[in-house]
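See structure below.
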Amino acid sequence: MGTLNHLSLGWLTPALSYLMACAGAALGLRCTLRGLAASGPARRNWLITAAAAIGSGIWTMHFVAMFGFTVDGTELRYNVPLTVLSLLVAVLVTGLGLTVVCYGRHRGLSLLSGGVTTGLGVAAMHYLGMAALRLHGGLHYDAGTVALSVLVAVGAATAALWAAVTIRNVYAAVAAAMGMGLAVSCMHYIGMAAVHVRLDPTRTGLGGVSPMDFVFPLAVGLGSFLFLASAFVALSPTAQERAGYRAAGELAVEEFPAASPDAEPAGAGRASAGAGPYGTGPYDAGRHDRAA
């Protein structure tokens, strides 16, 4: 049996992975809320963005956490096609769950169906990512712990979808994103607790690539996407906010109406009544006669 270490870099990898999960959840929940308020192609585009955010956030969380995972006596490498497939599964299944919730007619049934679908997608992403791992030996799992990790994933996904369609307050949305990030992180480490490694004494060549050659650049790229997209969505006004801005502008125009082109400027009549023949000052008729 190989000795596993999940915190070879200390608490850096759990903290960073939790931050990635929270960023993906926050952006995904915000985009889902925008999608619910929109219709037609706009709704579809918001849901695609939400699925990309949540899926990539979960995937990035998993592989950032895996940077702290080591096994004594063997190096670790990753199969590239399976690693990419795990990312696609996370995004596609999350998108399916969001579609069920946003287009379903019965809210409770839609939330349950979407939560189960998304949770199974999260679990599938995790275990596909583990299947992409290459080492001098084999991985074995405790069935009970795996089942618990899947239940946690389903519960986290259902709670996140409920928050997406229910919560409108900004502070509550932040709390929901932090809660979802915590649930996804718990699911990951519960799944990792199910892992047992049997080392192979024969040392054959390992296929795949090292984490720093492939996984690290991809994780950095997705993390940058999450933070930049989060800033863009947070700073862009919603349709309701834009309507409020337009209404405020119309009220301002009504309070300060433009003057009619035919109206005289204020004080013009008084000035003309007392102006001299040359327009330089008040006109004194008596003084003019005396001068004559």
Checklist line | For the stretch 96-103, Karplus couplings with θ = phi - 60° (6.51, -1.76, 1.60), whole Hz, Gly/Pro x | finding: 5, x, 5, 5, 4, 5, 7, 10
Checklist line | the stretch 1-78 - accessible surface per residue (Å², probe 1.4 Å) | finding: 38
Checklist line | A42 versus V80: modelled label distance in nm, points set 7 Å from Cα along the beta carbon direction | finding: 4.1
Checklist line | Charge-dipole axis of the stretch 1-133 as Lys and Arg at +1 and Asp and Glu at -1 on Cβ define it, positive-most pick from A124, T83, N45 | finding: N45
Notebook entry, point to check: Given the Cα-Cα distance of L109 and V220 and 0.36 nm per residue of separation, how much length would full extension add, in nm?
Noted result: 36.3 nm
Next item on the list: Pop out the ³J(HN,Hα) list for the stretch 123-132 in order, Karplus 6.51 cos²θ - 1.76 cosθ + 1.60 with θ = phi - 60°, rounded to Hz; leave Gly and Pro as x.
Entry: 5, 4, 4, 4, 7, 5, x, 5, 5, 6
Margin query: With θ taken as phi - 60° and the coefficients 6.51, -1.76 and 1.60, list the Karplus ³J(HN,Hα) couplings across the stretch 145-162 in order, rounded to whole Hz; mark glycine and proline as x.
Written below: 5, 4, 4, 5, 5, 5, 4, 5, 5, 5, x, 5, 5, 5, 5, 5, 5, 4
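Once fully extended, how much extra length lies between L4 and R198, figured as 0.36 nm per residue of separation less the alpha-carbon to alpha-carbon distance? Write out the running numbers ahead of the final one.
Working: separation 194, 0.36 × 194 = 69.84 nm, distance 1.07 nm.
That pair, L4 and R198, stretches by 68.8 nm at full extension.
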Checklist line | Overall form of the stretch 1-143 per C-alpha gyration tensor (a/c, 1.5; a/b vs b/c) | finding: prolate
Notebook entry, point to check: Using a Förster distance of 22 Å, how high is the FRET efficiency between L206 and L12, based on the Cβ-Cβ distance and rounded to 0.05?
Noted result: 0.30
Check: Heavy-atom accessible area per residue, the stretch 181-227, 1.4 Å probe: how many Å²?
Finding: 50
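The values are calculated or read from the model by the stated rules, or taken from the named source; none is laboratory data. Only a predicted model underlies this, so the values are computations on that prediction, with no experimental measurement involved. Don't worry about glycine lacking a Cβ; one is built from the backbone with ideal geometry, like all the others, and counts go over all protein chains shown. For the accessible areas, the whole protein counts, side chains as well, though only heavy atoms, and no ligand, DNA or RNA atoms are used. Shrake-Rupley method; radii C 1.70, N 1.55, O 1.52, S 1.80 Å.
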